[in-house]
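Asker: My questions all concern the structure below.
The values are calculated or read from the model by the stated rules, or taken from the named source; none is laboratory data. Treat the numbers as computed from the prediction; the structure is a model and nothing was measured. For neighbour counting, all protein chains shown are included, and Cβ atoms are generated from backbone atoms with ideal geometry for every residue, glycine included. Note: accessible area is taken over every heavy atom of the protein model, side chains too, but ligands, DNA and RNA are not part of it. Shrake-Rupley method; radii C 1.70, N 1.55, O 1.52, S 1.80 Å.
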Amino acid sequence: MGLALYDTLARDKRAFAPADPRRVTMYVCGPTVYDHAHIGNFRAAVVFDLLFRVLRLHYGDGAVIYARNITDIDDKIIRRAKETGEPIGEITARYAQVYRDETRALNILPPTLEPAATGHIGDMIALVEKLLAGGFAYAAEEHVLFAVDRYKDYGALSGVDRDEMIAGARVDVAPYKANPADFVLWKPSAADEPGWPSPWGRGRPGWHLECSAMIGKALGTTIDIHGGGLDLRFPHHENEIAQSRCAHGGAPLARYWIHNGFLNMGADKMSKSLGNVALPRDLLRKWPGEVLRFALLTAHYRQPLEWTDRLLEQSKSQLDRFYRMLGEAPGQAAPAPPASVLLALDDDLNTPEAIAGLHELRDIAAQMTGEAKTRAVASLKAAGELMGLFSNEPEAWFRAEPGEGPQAEEIDRLLAERADDRKARDFARADAIRDRLFESGILIEDGPHGTSWRRA
Ligand code: AMP
Ligand code: ZN
């Protein structure tokens, strides 16, 4: 029994067998870098990091090539630059770095490759030329469009039918489209928008094209695993498949398609447009990154997960119990993780069962003494490390607990008080609060979106 994964395209759980076990390839659609990502965006990063770790265990660290792109050219980025007056390159560089820092805080390994869209414009133009030459695309009014009628399996991944497709496309009707469901490969840029010279005039790529071009360049024609959030099935992944297959003589784009479910807040999907978001930036002030990671792993990746304070509190207290046991018999992790946890993860990344396995290992260790206990704890540690957990020394884990300086709730309360003082133009009181926080090691920073704080 080895790894089995639920494949969205096959609509079934399938035994995983890479095309070449010496070079296992995985691509996951990465962030569009124009703002802070919310914790829902990080669900995919954590889930596919776990898959990356499981694949590395099976095939060897050097045999797994994982590419997660950076989308650094996009209408949302252009809009942000127009609003703030900040150059696009500065916005994208800053938020790409914020994203990397936050993934590190959640124990997410750096991917093997991190291709940026703006580094592959030539590959994108070449792909469009191929599609035009094959008769799969057409140029109209400085745009190039993909003709979905030319790809007979369009819709196979998502199961979206023609009516839905056309309904979906209606938001984006354009006179230059032969069929409303056709999608943009290349579009013109206005003089004040970023653009690259192309055979169709100065312009920029469509989002779907970016991924197809980067996959082809970074990993190859047919990759083993393509991943992303459930909402990317249509139109994004459907369009990636159409472009890549038509450009590559029908060769499949990916052998396994894996999609993670949503993180919800209340009854709704956590989403920027609804405003119901929690940002790692804020969460990391109150919780160790490992608590956020653990919380994201408590549900099976294909199930929805509700983000609540209670989930965070429970995740913290479960980790506390594990760390208390790790502290009872400090030492190295066992060379291999125990079968119970590995089998659970091999079964389509069944993290609820893997976490139950961690608790069983902890219970076993609790009943042991001496050498046997050391071995049991080493086994627990190996299981947790496979899941990207237990990266702290137990002593440091408990030392970092709030209690040394003011707690986050206390700081937030003082900052709210200070904001009121400032509104009332009582600057002496406001400054006194700032100084008091400074003395207890809290630095505050006033910005256009309010006041943020960090520990010195
Ligand atoms: P967006 O910011 O909506 O373009 O989403 C960027 C990425 O984050 C996509 O891969 C989405 O699938 C994913 N994503 C956005 N919101 C959520 C959520 N609430 N839960 C899980 N994934 C999400
Ligand atoms: Zn993509």
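Asker: Order TYR66, TYR95, most accessible first, counting only protein heavy atoms with a 1.4 angstrom probe.
Answerer: Values: TYR66 0, TYR95 30 Å².
Descending order: TYR95, TYR66.
Asker: Could you work out how far the C-alpha centroid of the stretch 50-91 sits from that of the stretch 135-205, in angstrom?
Answerer: 24 Å
Asker: Restricting attention to the stretch 247-320, which GluC sites (Glu not before Pro) occupy a DSSP loop and are surrounded by at most 12 other Cβ atoms within 10 Å?
Answerer: Qualifying residues, ordered by number: none.
Asker: Quick one: work out the % antiparallel among DSSP beta bridges in the chain, nearest 5.
Answerer: 55 percent
Asker: Something else about it: Compute, for PHE427, the solvent-accessible surface of its heavy atoms (probe 1.4 Å) with the complete set of protein chains present, and express it in square angstrom to the nearest 10.
Answerer: That residue has around 90 Å² of solvent-accessible surface.
Asker: With every protein chain left in place and a probe of 1.4 Å, what is the accessible surface of ARG11, to the nearest 10 Å²?
Answerer: For ARG11, the solvent-accessible surface is approximately 120 Å².
Asker: Using Cα-only point scatterers and the Debye equation, what is log10 of I(q)/I(0) for the chain at each q in 0.10, 0.12 Å⁻¹, rounded to two decimals?
Answerer: Ignoring solvent entirely, the Cα scatterers give -0.83, -1.10.
Asker: Could you report the accessible area of ILE364 in Å², rounded to 10, computed with a 1.4 Å probe on the protein chains as they sit in the structure?
Answerer: Approximately 80 Å² of ILE364 is accessible to the 1.4 Å probe.
Asker: Per residue, how many Å² of accessible area does the stretch 7-136 show with a 1.4 Å probe?
Answerer: On a per-residue basis, the stretch 7-136 sits at 40 Å².
Asker: With unit charges on the beta carbons (Lys and Arg positive, Asp and Glu negative) and the dipole taken about the Cα centre of the chain, which residue among LEU343, CYS246, PRO175 sits farthest to the positive side?
Answerer: So the residue we want is CYS246.
Asker: Give, as a single signed number, the net charge of other residues whose beta carbon lies under 10 Å from the beta carbon of PHE390, with Lys and Arg counted +1 and Asp and Glu -1. Could you put the intermediate results ahead of the total?
Answerer: On the way: positive: LYS381; negative: GLU290, GLU385, GLU393.
Once all neighbours under 10 Å are counted, the net charge is -2.
Asker: Another one. Treating only the Cβ atoms of Lys and Arg (+1) and Asp and Glu (-1) as charged, compute the dipole magnitude of the chain about its Cα centre; round to the nearest 20 debye.
Answerer: Values: 55 positive and 65 negative charges, 99 e Å.
I would put it at about 480 debye.
Asker: Still on this structure: List, largest first, the extents of the alpha carbons of the stretch 59-147 along their principal axes, each in whole Å.
Answerer: The Cα atoms of the stretch 59-147 stretch 46, 45, 18 Å along the principal axes, largest first.
Asker: Measure nothing but the geometry: give the 0 to 90° angle between the long axis through the Cα atoms of 370-386 and the longest principal axis through the Cα atoms of the chain, rounded to 10°.
Answerer: 30 degrees
Asker: How would SER198, SER391 line up by accessible area, probe 1.4 Å, largest first?
Answerer: I get SER391, SER198, largest accessible area first.
Asker: Can you compute the equivalent ellipsoid semi-axes for the stretch 238-365, i.e. the square root of 5 times each eigenvalue of the Cα gyration tensor, sorted largest first and rounded to whole Å?
Answerer: The three semi-axes for the stretch 238-365 are 33, 24, 12 Å.
Asker: Then there is this: With a 1.4 Å probe and all protein chains left in place, how much of the accessible area of the stretch 301-456 comes from carbon and sulfur atoms, in whole percent?
Answerer: Carbon and sulfur: 49 percent of the exposed surface of the stretch 301-456.
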